[in-house]
Amino acid sequence: MNKTILITGGAGFIGSHVVRLMVRNYPDYRIVNLDALTYAGNLENLKDIDSKDNYLFEKGDITDAPFINQLFKKYRFDGVIHLAAESHVDRSIADPLAFIQTNIIGTVNLLNAARDSWKDDMVGKRFYHISTDEVYGSLGETGFFIEETAYDPRSPYSSSKASSDHLVRAYHHTYNMPVVISNCSNNYGPNQFPEKLIPLSINNIKHNKPIPIYGKGENVRDWLYVEDHARAIDIIFHEGKNGETYNIGGNNEWQNIQLIKKLCEVMDQKLGRVKGTSEKLITYVTDRAGHDMRYAIDSSKLKRDLGWEPSLQFEEGIVKTVDWYLENEDWMNRIVTGEYEKYYQNQYQHR
Ligand code: NAD
Ligand code: TYD
């Protein structure tokens, strides 16, 4: 094996796609997936690659510094792709501290371990921090986030991610750490936990349950198919410049209500329902506190410098996504029993 790469959060939504891509594309790398298997982590997401020779799983928590230090001693990682995080805005509103612990303290633990492990030779090493466009705050009707947009995070989630981004940059400037950061827009696709808008809505439509739309449904998000994000991560990990930030986006803005209407149309077709049936499930509910109005990413730097652009149009991506959830009912059913029911009750009963 010519390199050992640590991927954190590899049992989650985006992480599982990144692990799969790296394991398949780089048979000469040893890929170590570190994940605490929180409610969002699911090893079922990786069952097609988990017996590969170049793949290893370590269960552990990035907030546990002694464990992280020992892991770096054990494997002598050449690179880190850091995705582990608490990732859902609504949960961050209910319990900010968990986000501070994992997203900030956890990131610092990894940075410290990498710095100590690489201190005598940083050549060829790389610490890649995966972040979000939400750190830039909220846009009005026009404009795009560029890499130089001033940070203005407005939820406990985005604030904790912004804080971790600052710390990663600080380790670059202070300790000369070879870091790179990317900030991506909303992802969609297979294996997303059904607390997020698209899989939650697919599951509710399937079971004829109300689709909860926050506020007036006018908020805008820029959606990117998850495999396109994973491909960008591969390119940036290998070809990005140390100390640089790259924005990643789908160039694909949708108002929530328009997106859900499109999803209803696809679901009607796939479920053999009369056109317009699923739309009747749309239910406007109390808005999210501090709900950011619009996110939109300008990813021209990534296209110009590293040649990446999204490969999949949304019309195609959303059909692929719906097909996957309908074909993987067992995956969804195992998740939506037990703890998920309690979460759903708490989040939605008083809206
Ligand atoms: P996810 O919630 O689906 O997965 C997170 C993973 O991290 C899970 O497997 C979980 O078990 C693991 N994890 C959580 N806390 C941990 C801890 N303390 N120690 C070890 N593992 C822990 O999240 P996701 O949507 O796949 O997001 C992955 C990363 O991408 C995050 O850093 C997120 O901020 C970023 N991101 C997500 C999106 C998006 O649309 N989902 C967009 C841009 C950036
Ligand atoms: P989400 O998938 O939680 O991603 P993020 O908050 O990180 O953008 O939400 C996407 C959009 O959908 C966001 O504007 C909030 C909205 N939303 C709803 O209207 N209803 C819901 O039940 C959820 C989970 C989200």
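Measure up LYS3/LYS119; LYS206/LYS275; LYS209/LYS280; LYS74/LYS119; LYS74/LYS161; LYS47/LYS196 against 20 Å on the Cα-Cα distance and list the ones that go over. Display every interim value, and only then the final one.
Numbers: LYS3/LYS119 18 Å; LYS206/LYS275 14 Å; LYS209/LYS280 10 Å; LYS74/LYS119 16 Å; LYS74/LYS161 28 Å; LYS47/LYS196 23 Å.
Where the Cα-Cα span goes over 20 Å, the pairs concerned are LYS74/LYS161; LYS47/LYS196.
Alpha carbon centre of segment 97-145 versus segment 291-351: separation in Å?
Answer, in whole Å: 22.
Might you report the magnitude of the Cβ-based charge dipole of the chain about its Cα centre, with Lys and Arg at +1 and Asp and Glu at -1, to the nearest 20 debye? Numbers along the way, then the final one.
Values: 40 positive and 48 negative charges, 59 e Å.
The calculated dipole for the chain is roughly 280 debye.
Please report, in debye to the nearest 20, how large the charge dipole of segment 227-288 is about its Cα centre when each Lys and Arg carries +1 at its beta carbon and each Asp and Glu carries -1 there.
On the way: 9 positive and 10 negative charges, 89 e Å.
So the dipole magnitude of segment 227-288 works out to roughly 420 debye.
Give the residue from VAL285, ALA296, GLY272 lying farthest towards the positive end of the charge dipole for segment 261-302; charges sit on Cβ (+1 for Lys and Arg, -1 for Asp and Glu) and the dipole is referred to the Cα centre.
Checked the options; the winner is GLY272.
For segment 151-265, compute the orientation-averaged projected area of the C-alpha convex hull (one quarter of its surface), in nm². Walk me through the numbers before you get to the answer.
Numbers: hull surface 34.4 nm².
The orientation-averaged projected area of the Cα hull of segment 151-265 comes to 8.6 nm².
By how many nm would the segment from THR283 to ARG24 lengthen if fully extended, with 0.36 nm per residue of separation less the alpha-carbon distance? Each step should come with its number before you reach the end.
Details: separation 259, 0.36 × 259 = 93.24 nm, distance 4.21 nm.
Length gained between THR283 and ARG24: 89.0 nm.
Could you please tell me the mean projected area of the C-alpha convex hull for the chain, averaged over all directions and given in square nanometres to one decimal?
On the way: hull surface 66.6 nm².
Here the figure is 16.6 nm², rounded to one decimal.
Hey, how much of the P(r) for segment 153-218 falls beyond 19 Å, as a percent of Cα pairs?
I get 57 percent for the Cα pairs in segment 153-218 exceeding 19 Å.
Between LEU326 and ALA65, what is the label-point separation in nm under the 7 Å Cα-to-beta-carbon projection?
Placing both labels 7 Å beyond Cα along the Cβ direction yields 5.2 nm.
Which value at 222 nm does the chain reach when only helices count, each DSSP H run of 4 or more adding -39,500 (n - 2.57), with the total divided by all residues and rounded to the nearest 500 deg cm²/dmol? Walk me through the numbers before you get to the answer.
On the way: 13 runs with 144 residues, N = 351.
Computed ellipticity for the chain at 222 nm equals -12500 deg cm²/dmol.
Rolling a 1.4 angstrom probe over the protein heavy atoms, how many square angstrom per residue are accessible across segment 140-294?
Values: 6290 Å² over 155 residues.
In whole numbers, segment 140-294 has 41 Å² accessible per residue.
Could you please state how large a percent of the accessible area of the chain is carbon and sulfur, counting protein chains only and using a 1.4 Å probe?
48
Can you find, among GLY140, TYR171, VAL220, the residue farthest towards the positive end of the dipole of segment 128-244? Put +1 on the C-beta of Lys and Arg, -1 on that of Asp and Glu.
VAL220
Once the other residues with Cβ under 13 Å from the Cβ of ASP53 are scored (Lys, Arg +1; Asp, Glu -1), what is the net sum? Don't skip to the answer; put the middle values down first.
Numbers: positive: ARG24, ARG30, LYS52; negative: ASP28, ASP50.
That works out to +1.
Please state the shape class of segment 234-320: rounded when a/c is under 1.5, otherwise prolate if a/b exceeds b/c and oblate if not, all from the C-alpha gyration tensor. Show your work: numbers first, answer last.
Values: a/c = 3.84, a/b = 1.84, b/c = 2.08.
The shape class here is oblate.
The values are calculated or read from the model by the stated rules, or taken from the named source; none is laboratory data. On a predicted model such as this, the values are computed, not experimentally measured, just so you know. In this analysis, Cβ positions are derived from the backbone assuming ideal geometry, glycine residues included, and neighbour counts consider all displayed protein chains. Only protein heavy atoms, including side chains, enter the accessible area calculation; ligands, DNA and RNA are left aside. Shrake-Rupley method; radii C 1.70, N 1.55, O 1.52, S 1.80 Å.
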